[in-house]
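The values are calculated or read from the model by the stated rules, or taken from the named source; none is laboratory data. Quick caveat: nothing in here was measured; it's all calculated off a predicted structure. Quick reminder, even Gly has a Cβ in these numbers, built from the backbone with ideal geometry, and neighbours come from all protein chains shown. What goes into the accessible areas is simple: the full protein's heavy atoms, side chains included, and nothing from ligands, DNA or RNA. Shrake-Rupley method; radii C 1.70, N 1.55, O 1.52, S 1.80 Å.
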Amino acid sequence: MKIIGICGKIGSGKSAAGVFLEELGGFVLDLDVEMHTLYAESCELQQKIAENFGAECVKNGFVDRVKLASRVFQRLETLQKLESIVYPLLQKSVEQKLEAAKKAGKVKIAAVEGALLFKWPEFSRNLDAIWVVEATDSVRLERLLKRGLTKEDAERRIQIQAQDPLPPNAKYFYLDNSGAISALQKRVCELAEI
Ligand SMILES: CC(C)(COP(=O)(O)OP(=O)(O)OC[C@H]1O[C@@H](n2cnc3c(N)ncnc32)[C@H](O)[C@@H]1O)[C@@H](O)C(=O)NCCC(=O)NCCS
Ligand SMILES: Nc1ncnc2c1ncn2[C@@H]1O[C@H](COP(=O)(O)OP(=O)(O)OP(=O)(O)O)[C@@H](O)[C@H]1O
């Protein structure tokens, strides 16, 4: 089984590319979705979130992501604190799921999709390739507003990612997603064949 990464800035269209890959029979792990599942399932994590970011960030056994986002995207140090708590759990869960998919032997291509793959350099370096989804800042902002983020939240996240490097890897493929969604789909079909 080939394992690739799908990265790109917020709102570039990584999840959309992931969905197209799934339609072609790929196995896709969306890091945002994986993280949300961990928040919902891990009492230990919920407790840590409450301790570090305030009891009001956890309500009736659910992490209030809107509240948590309003705390962590204000300051880089706060965001880094959250990352240091969640990444070991997230990475473990991803590795277990990839291993299970490999053992099941049913798919030819698996993808780990997330903006921040570069935070795991050893993992990223060993991926067979990395797809980089791209769209201009203004296009991404417009899409994020349509998706329901406030302008303030969207601009903060765009800003916080502005200098993020690409995850280390020997093989990058670029997917331009500033235009029609059909063009992205076509590009995913091309790359899935490589
Ligand atoms: C702060 C949280 C609770 C906000 O949840 P929310 O549902 O609003 O956003 P969601 O998780 O769907 O993320 C949407 C996008 O925000 C951006 N983003 C999320 N976390 C980060 C981060 N640590 N640094 C920069 N951008 C981020 C990414 O582009 C991501 O795709 C959540 O994003 C989170 O737990 N972040 C820390 C974990 C993380 O880094 N996740 C991203 C893995 S790629
Ligand atoms: N080519 C396109 N034309 C119009 N809308 C698009 C296009 N590509 C993606 N979108 C929409 O833009 C929004 C952002 O796309 P998507 O969620 O795939 O981005 P992402 O890179 O996964 O974002 P995030 O970093 O938040 O996970 C979504 O609402 C999606 O439906």
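Quick rundown of the values:
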{"read-out": "Residues with amide H under 5 Å from that of A110, placed H, sequence gap 5 or more", "value": "K2, I3, I4, F27"}
{"read-out": "For segment 1-125, accessible area per residue (1.4 Å probe, heavy atoms of protein chains only), Å²", "value": "52 Å²"}
{"read-out": "Overall Cα dimensions of the chain, principal axis frame, Å, largest first", "value": "48, 41, 28"}
{"read-out": "Sulfur and carbon atoms: percent of accessible area, the chain [1.4 Å]", "value": "53 percent"}
{"read-out": "Average accessible area per residue (Å²) across segment 128-194 - probe 1.4 Å, nucleic acids and ligands excluded", "value": "61 Å²"}
{"read-out": "Distance histogram in 5 Å bins (all Cα pairs of segment 62-133, percent per bin)", "value": "3, 12, 19, 22, 18, 13, 8, 4, 1"}
{"read-out": "The chain: calculated mean residue ellipticity at 222 nm from DSSP helix runs of at least 4, using -39500 (n - 2.57)", "value": "-17000 deg cm²/dmol"}
{"read-out": "Label zone at Y87, where the point sits 7 Å out along the Cα-to-Cβ direction: segment 32-46 residues whose backbone N lies under 16 Å", "value": "32, 35"}
{"read-out": "Relative contact order, percent, segment 2-192 [alpha-carbon distance under 8 Å, six or more residues apart]", "value": "37 percent"}
{"read-out": "Cβ-Cβ FRET estimate between A100 and E44, R0 fixed at 30 Å, reported to 0.05", "value": "0.85"}
{"read-out": "Under 5 Å, built H, 5+ apart or other chain: amide partners of A129", "value": "G5"}
